[in-house]
Amino acid sequence: MRLRHIEVFRAVMIAGSGSEAARMLNVSQPVVSRVLRHAELGLGFALFERSRGRLLPTPEARALFAQVQRAWGEIERIEALAANLRRGASGLLRVAATPSLATSLLPDALAAMRAAHPKVECDLWASHTREIEAHLLAWEVDAGFAIEPPEQAALALARLCSGEMVLAVPRAWAAGVLRPAERGWLEGRPYIALAEATPLGERLAARLAAAEWTPPQVLRVQTYALAATLVERGLGYAFIDGYTAAGLDPARVLLMRIEPVLDFGLYMISALGAAPSVLVGRLRDSLVRAADRQQRLLDSRLAALPLRLAP
């Protein structure tokens, strides 16, 4: 199929009729019909059945449409990149980040980038890592950002910087505790666990198991951001990423470094073989600077003594 065939076919699949597709493409209906006939002749099979003014897609057309959508995402990415190169500091940037990064680092990084390049348009997703992978494979986003994402054969991972997991505890619990570095004062307290299995979560679980520490999981959540909010409300304690922890209210939450340190990598995820656009590179650099600022803020808020995980 030629590009014009793909464009018209996609428009008809989305619009459901030749007349609506013609309006979408700003052409006449006879042009749409002629292009469709030419495409069907080249393919050797029918794409639509004509019924009462509607174009009903054949099973072959539905199978073809899934691939066309992926290809169209790539075409849009090429057009966006061309616009970025043509206009310099303007264009469209499509980004997905895990919820914790979307609420901690990404706003600061975007603010810094848009201060320098106010004409940039952004489409943003706050998604779990598996969803980010799906967005990238469908060419719906230009880049994704996640903490310790798993390897994926069709995607490329670039480590940007490092962070660390910390313990977040309702500050009221620490009143009168003489030895907060010992974990005994947390025995019997409600624990907020991450429900979703992630590489970092598995490393944390292995660390707790090695320390023979099995806190009761009263609450299970899907994101570190939600776990942090629950800690602020006094509902339990949690191990969360340092970027999220740095933004918590110090009057309500006590933050403690854990010993030995459990570090992690902050990664940029992209489609395999896809060169990052100018805008993606600028956002990446802004994100690294935001991570550095958050780490310095975290360092200033951590308790004097780390929590020892060993029994």
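The values are calculated or read from the model by the stated rules, or taken from the named source; none is laboratory data. As the structure is a computational prediction, the values presented were derived from the model and not from experiment. Because the Cβ atoms are built from the backbone with ideal geometry, glycine has one as well, and the counts that use them run over all protein chains shown.
Taking residue 35 as meeting all but one of (1) touching a helix residue (DSSP H, G or I) at 6+ places or on another chain (Cβ under 6 Å); (2) at pLDDT below 90; (3) not acidic (Asp, Glu), write down the number of the exception.
All conditions are met except number (2).
So, residue 179, is that one without any contact (Cβ under 8 Å) to a residue 12 or more places away in the chain and closer than 27 Å to residue 93 by Cα or not?
no
Considering only segment 220-278, how many residues are aliphatic (A, V, I, L, M), over 27 Å from residue 139 (Cα atoms) and not in a helix (DSSP H, G or I)?
13
When both residues are 6+ apart or on different chains and their Cβ atoms are under 6 Å apart, which pairs have a first residue that lies in segment 59-72 and is in the same structural domain as residue 16 (by TED's automatic domain parsing) and farther than 16 Å from residue 138 by Cβ, and a second that is surrounded by 11 or more Cβ atoms within 10 Å (Cβ to Cβ) and of a type in the set (A, V, I, L, M)?
Correct list of pairs: 61/47.
If only one of 220, 207, 203 is under 22 Å from residue 246 (Cβ atoms) and under 23 Å from the mean Cα position of the chain (by Cα), which one is it?
203
Please specify each residue of segment 266-288 satisfying the condition of being modelled with pLDDT of 95 or more and surrounded by fewer than 18 Cβ atoms within 10 Å (Cβ to Cβ).
Selection gives 288 alone.
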